[in-house]
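Novice: One structure follows; several queries about it will come next.
Rule-based calculations on the coordinates, nothing more; no lab input. Everything numeric here is computed off the predicted structure, so don't read it as measured data. Because the Cβ atoms are built from the backbone with ideal geometry, glycine has one as well, and the counts that use them run over all protein chains shown.
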Amino acid sequence: PLRCSDPELSLTLANGSTVGSEHLKGKNVALYFSAAWCAPCKAFTPILAQTYLELQSRGEPFEVIFISHDHNASAFQEYRATMPWSSLPLDSRFRTKLQNIVEVQGLPTLVMLNDKHQIINTEGRAAVQQDPLGENFPWVAPLVDDLEKGVQSIFSKPSMVLFAERSTASARKKAQASFEEVAKALKEDGPSGPLNFLVAAKTSEAATAVRQLCNIPIQDNPTDDAVFTDAQKSQEPACILLDLAKRQMYKAPSLDAEELKEFADAVLAGDIEGTAIALLGGAS
C-alpha cells in the first residue's frame with residue numbers, strides 16, 4: 001500500500017484548513033495528477049467534481065487528493081480553488097514520490113486506492129467518465145477489460161490485446177481463458193502490473209483502429225456480431241502486445257497460456273524484437 005498513513009503527510013482541504021493522514025483513514029482515495037495548463041485536465045475536473053459531490057452526499061468513504069503539476073504557486077492556487085477536495089502543497093515531498101510510485105505517464109491521471117490504500121485501478125479517469133454517478137464505486141479494475149471500453153488505457157502502458165471478433169464461440173472461450181490466466185499471473189500484485197489486458201470480443205471502432213494500426217487483418221465477413229459456427233467463415237483469435245511509447249507491436253506466436261506468459265515476459269525483458277508501427281494521432 002501507498003504510505004497515505006505517513007505522519008508527515010499534510011493535506012489542504014477545500015476550505016483552506018490543514019489535515020494530516022488521519023483524514024484518509026478508512027477511506028477510498030483517488031490520487032488526481034492534474035494541472036491548470038492541461039486542457040484535458042480542465043475538461044475532466046468538473047466531471048470528477050460532480051462525481052465526488054455525489055459520493056459525498058451518499059456518505060461514501062472517499063477522498064480525492066489533487067497532486068499538482070503546475071509551474072507556479074499562483075496557477076496552482078487558482079486551479080485548486082475550483083476543486084471541492086484535498087490537495088498536496090505544491091512544495092510537498094510526497095508529490096514526486098507518489099508520481100514515481102504510480103508511474104504517471106500523462107495528464108490527467110486518476111489512480112484509485114482502496115480503504116487500505118492499495119492501488120485498485122490506474123485508469124480512474126476512464127472509470128469516472130463511464131460511471132459519473134459512481135454506481136460502480138470504488139471502480140476496482142477488471143482483470144481483463146473490453147477493448148472498446150478500455151481503449152484509452154493503451155496510451156498509459158504496454159497492452160496485450162486479444163482479437164476474437166470473428167472467432168467461433170468455442171475458440172473465443174478457449175483463447176480468453178488463456179489470456180485471463182496470463183493476466184492473473186502478471187497482476188498478482190494488483191492492477192498496477194506491467195501490462196493492460198484488453199479483449200475485442202465483438203466488432204467496434206476501437207478494434208478496427210487497433211487492427212489497422214498493427215496490420216492485423218480481419219476477414220471480410222458481415223459487420224454484425226453473429227457467433228460464427230462455420231469454420232470456413234470464422235477467424236482464429238490473435239493476440240498482440242502493443243507498446244505505443246516505443247511504437248512497437250509484438251505478435252504472440254501461440255495462445256497457449258504457458259507460451260503466452262513466456263511471450264509476455266520475453267517482451268517485457270526486451271528479448272523479442274517487435275515491429276515498428278506508425279502513429280497517426282496521439283492520446284487525449
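Novice: Using the scaling law 2.2 N^0.38 Å as the reference, what is the normalised Cα Rg of the chain?
Specialist: Taking N as the residue count of the chain, the ratio is 1.10.
Novice: A follow-up question, please. Using a Förster radius of 25 Å, what is the FRET efficiency between Gln212 and Ser254 based on their Cβ-Cβ separation? Nearest 0.05, please.
Specialist: Efficiency computed from Cβ-Cβ geometry: 0.55.
Novice: What percent does the relative contact order of the chain come to when contacts are Cα pairs within less than 8 Å and at least six residues apart?
Specialist: The normalised contact order for the chain reaches 16 percent.
Novice: Run the simple label-point estimate for Lys261 and Gln152 please: 7 Å along Cα→C-beta, distance reported in nm.
Specialist: 3.3 nm
Novice: Using only Cα atoms, locate the centre of segment 36-115 and the centre of segment 132-197, then give the distance between them in Å, rounded to an integer.
Specialist: Going from one Cα centre to the other spans 26 Å.
Novice: Using a Gaussian network model of the chain with C-alpha springs under 10 Å, which one of Pro237, Pro253, Pro158 is most mobile by mean-square fluctuation?
Specialist: Maximum fluctuation in the GNM of the chain, among the listed residues, is at Pro253.
Novice: So what is the 222 nm mean residue ellipticity for the chain from helices alone, if each DSSP H run of at least 4 adds -39500 (n - 2.57) and you divide by all residues, rounding to the nearest 500 deg cm²/dmol?
Specialist: Helices in the chain give a 222 nm mean residue ellipticity of -9000 deg cm²/dmol.
Novice: How much length would be gained if the chain were fully extended between Arg95 and Glu205, taking 0.36 nm per residue of separation minus their Cα-Cα distance, in nm to one decimal?
Specialist: Difference between extended and current length: 35.9 nm.
Novice: Let me test this: with uniform point scatterers at the alpha carbons of segment 3-114, what is the Debye-based log₁₀ I(q)/I(0) at q = 0.16 1/Å?
Specialist: With no solvent term, the Cα-only Debye profile gives -0.69.
Novice: To continue, here is another question. Please report the antiparallel percentage of the DSSP beta bridges confined to the chain, to the nearest 5.
Specialist: If I count the DSSP bridges inside the chain, around 55 percent turn out antiparallel.
Novice: Roughly how big is the chain's charge dipole about its Cα centre, with Cβ charges of +1 (Lys, Arg) and -1 (Asp, Glu), in debye to the nearest 20?
Specialist: My answer is approximately 480 debye.
Novice: Taking neighbour counts of Cβ atoms within 10 Å as a proxy for exposure, in what order, fewest first, do Val210, Val19 appear?
Specialist: Ascending Cβ contact count within 10 Å gives the list Val19, Val210.
Novice: What does the extension gain come out to for Leu268 and Leu13, with contour length at 0.36 nm per residue minus their alpha carbon separation?
Specialist: 87.7 nm
Novice: I'd like the FRET efficiency for Val140 and Ala185, computed as 1/(1 + (r/R0)^6) with the beta carbon distance as r and R0 of 25 Å, rounded to 0.05.
Specialist: About 0.85, to the nearest 0.05.
Novice: Helix by helix through the chain, keep the DSSP H runs that span 30 Å or more along the axis on Cα and average at least 1.6 on Kyte-Doolittle, and give those back in order.
Specialist: Membrane-span-like by this criterion, though nothing is claimed about a membrane: none.
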